[in-house]
Amino acid sequence: MKVPKRSSRHKNAQKEEEKKLIEQKEERSEEEAEDFVESPVVSDDDDDEEFSDDDGSLSVSGSEDGHLPGEEDVFVSSDGEDSFDAKSDDASGNGASGSGRDDTEHDKDEDAESDNSRPVVLESDSSEDEVVPRNTVGDVPLEWYKEEEHIGYDLAGKKIKKKERQDKLDSFLASVDDSKNWRKIYDEYNDEEVELTKEEVKVIKRLLKGKAPHADFDPYAPYVDWFSWDDSKHPLSSAPEPKRRFIPSKWESKKVVQYVRAIRKGLIKFDEKPKEEPSAYLLWGDDSTAIDRQGLAYIPAPKPKLPGHEESYNPSLEYIPTQEEINSYQLMYEEDRPKFIPKRFTSLRSVPAYEKAVNENFGRCLDLYLCPRARKKRINIDPESLKPKLPSRKDLRPYPTSCYLEYKGHKGPVVSISTESTGQWIASGSTDGTVRIWEVETGRCIRIWELGESVHHVSWNPLPERPILAVCKGEDVYLLNTGLGNAEEQKSLEELLRVETGPSPDDSDNDKTIVNWVQDDKIGGIRAVLIHLLSKKQTQRIPFKLHGLPVSTAFHPSRSVFFISTKKNIRVYDLLKQKLIKKLETGVREVSSIAVHPGGDNLIVGSRDGKLCWFDMDLSSQPYRVLKCHPKDVNRVAFHRSYPLFASSSDDCTAYVFHGMVYSDLNQNPLIVPLEILRGHGSENGRGVMDCKFHPRQPWLFTAGADSVIKLYCH
């Protein structure tokens, strides 16, 4: 056996070691290729490539050829593998192999140091295991710290100083010399470089490829069929379970809510045992004595009378009536006559059919059908309690109650009266064609005007310094100077009533005190309402369209508001703005007269069907209260200027006086109380009291009747 020389053995051992190092180096290059994430130069090819200076590649050394003598040329390719120059790994086994062995050993030491420098953190779902950041500025943008010497504050509250920035060329050269530079990431938030471990590189690589971060996860696990049935081969039944079968049912939730409510109300009880029905019960017992009856108001059905000895087929002789008693039954009323007459039979088989069985069964069914099943409580109401609680009439005094004075002198029915603003004089107009002025206290007539035609209406001027009387006769309106007042007032009245045209020859006696108002030819006197201005001697028509024949008009006591009533409705107009403010619906057959409360917010309407309608204009367009007190037509209604009183006169020869209090509180409704019925006028041609007016200062009422008498009622 030949023993090889030592030199040859040494060479063979050296070759085997070189082969092992080459294999280890190839394995390491493959592992690094798998762990690669991102290289400075990105390429789309998977193969190893060498980049020259022309195409923008980066080499290890700064020389033009990019080759270091005696060392390996390292390039970073797109697939993350370190490509080596073939010159350094030639098969001849020269000195380059030794240098390659030294490099691999050096790289292994660096990998071990880099891997051991950072401890491997086990994965955990707990937030306590997370690494606390060194910088505590939170979401504050780092741009705010550009000009500062620090980038934030640590947990101790101290400033984190910025590191000195290296020259880009020096940092580039340092990164080229560092083989682990591709694993390092600059953290701007904490101003430090972080080196990724192999495990983190593998996770990032899997995420970039769209895979699960954990290698143990199997995305293509075999499907496990949790449900199986016999007819699963059928295409319809093999369909997966619908989603609605895994959603809670709304119907079940509703039923659960119903059960919960029933348990809370006590309808469902779990502790109590079910009631046991008694095996024996009273055959002829009364249902009213039963314990389980349906409430206190339950009335049991009526039961028929139980059969006694009389209904027996063989009763005793004492129950069988004699022939005389049977004959006496015929003389009784049918209600008092007994319905069953006992008879005696030898056996039950010989008993014939009951002739009244059908009638009695029908009567029994009728009783059951018509019998009430519940007790109805009868409420005993005192009729007096239904009356509204009104204050006593004694507490509402003063108001007119009795006739104190009569004014006689007219020869025809007195149609209209008007009181002077001071309350000293009263004017009246009659169908006999005369207008009279009376002194209130004495009843003396001081002035008479003969107009020769029936007077429709008279009215005093509300200003006491101008005692002018307006009289309406036919189609004309007369302004009469009453001659009352001192000389200065008379002189001003003469200047006021002076006109350019001469007076009519018919009124030659009173030519100085009468101004004739000539009818406008354009209007024609049909469905027109005129407003006369005495100071300018002008007459104008209201700028509103009339919806029907005007019945009555009235001015607002304090504002430029005008009321016009037709047969059915009342319209309220603003004269300054020339627009309709409100429309009041009376709901009566025909309106006869209206009167405005001194406050201006309430209105009373009289009608031809004997009704009085009180309107609160701030409340509604419908009547607040309707009073039906007169059996005949209401001719006139009137308010008192200072007292809470209003009155109405009718053709039934009566005048009603009411208490009408209007409160300043808008939340409190007006109080209306009937006080007195004034009688004393006589009827003439079916007419009664034609007009009524209150005294301006006293609680007195003047009434004008068709019997040509004016009465004064005082308290």
Report summary line: If amide H atoms are modeled at 1.01 Å from N in the peptide plane, then the residues at a separation of 5 or more from Val709, or on another chain, having amide H under 5 Å from its own are Val414
Query - Per residue accessible area in Å² of segment 302-345, where ligands, DNA and RNA are left out and the probe is 1.4 Å - result: 90 Å²
Query raised in the report: Largest first, what is the accessible-area ranking of His532, His715 with a 1.4 Å probe?
Result: His715, His532
Report task. Take every Cα-Cα distance within segment 588-715, group them into 10 Å bins from 0 onward, and report for each bin the whole-number percent of pairs it holds. Result -> 13, 46, 32, 8, 1
Report task. Amide H neighbours of Asp633 under 5 Å, at least 5 residues apart or on other chains, H built in the peptide plane: list them. Result -> Asp651
Query raised in the report: If r is the Cβ-Cβ distance from Leu405 to Glu495 and R0 is 41 Å, what FRET efficiency results, to the nearest 0.05?
Result: 0.65
Query raised in the report: Within the accessible area of segment 302-345, what % is carbon and sulfur when the probe is 1.4 Å and the other protein chains stay in place?
Result: 52 percent
**Report entry** Residues Thr322 and Phe362, FRET efficiency given R0 of 30 Å [Cβ-Cβ distance, rounded to 0.05]
**Finding:** 0.40
Report summary line: Of Lys632, Lys343, ordered by accessible area with the largest first and a 1.4 Å probe, the sequence is Lys343, Lys632
Query raised in the report: Taking the highest mean first, how do the peptides 633-641, 561-569 order by number of other beta carbon atoms within 10 angstrom per residue?
Result: 633-641, 561-569
Query - Value of relative contact order over segment 387-480, rounded to a whole percent, pairs C-alpha under 8 Å and six or more apart - result: 20 percent
Query raised in the report: What full-extension length gain, to one decimal in nm, is calculated for Glu585 and Tyr189 as 0.36 nm per residue of separation minus the Cα-Cα distance?
Result: 134.3 nm
Query raised in the report: Over segment 302-345, what is the mean sequence separation of C-alpha contacts under 8 Å (at least six apart), divided by residue count, expressed as relative contact order in percent?
Result: 50 percent
Query raised in the report: What net charge do the residues around Asn669 carry, taking every other residue with its C-beta under 15 Å from that of Asn669, with Lys and Arg at +1 and Asp and Glu at -1?
Result: -2
Report task. Treat each spin label as a single point 7 Å out from the Cα along the C-beta direction, and report the Glu311 to Lys567 distance in nm. Result -> 7.4 nm
Query raised in the report: So, in Å, what gap is there between the alpha-carbon centers of segment 457-497 and segment 687-714?
Result: 22 Å
Report task. Compute the Cα gyration tensor for segment 302-345, then decide on rounded, prolate or oblate, letting a ≥ b ≥ c be the square roots of its eigenvalues: rounded whenever a/c is under 1.5, prolate when a/b is larger than b/c in the other cases, and oblate in all that remain. Result -> oblate
Query raised in the report: Residues in segment 659-686 near a label at Leu386, defined as backbone nitrogen under 20 Å from the 7 Å Cα→Cβ point?
Result: 674
Query raised in the report: What does the highest-first list of 464-470, 344-350 look like by mean Cβ count within 10 Å?
Result: 464-470, 344-350
**Report entry** Charge tally in the Cβ shell below 15 Å around Cys629, where Lys, Arg are +1 and Asp, Glu are -1, Cys629 excluded
**Finding:** +2
Query raised in the report: Of the listed peptides 241-253, 311-323, 668-680, what is their order by residue-averaged count of other C-beta atoms within 10 Å, with the highest listed first?
Result: 668-680, 311-323, 241-253
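The values are calculated or read from the model by the stated rules, or taken from the named source; none is laboratory data. Here the structure is a predicted model, which means the values were calculated and not measured. Neighbour counts are summed over all protein chains in view; Cβ atoms, including those assigned to glycine, are modelled from backbone coordinates with ideal geometry. Surface areas here come from the heavy atoms of the whole protein model, side chains and all, with no ligands, DNA or RNA. Shrake-Rupley method; radii C 1.70, N 1.55, O 1.52, S 1.80 Å.
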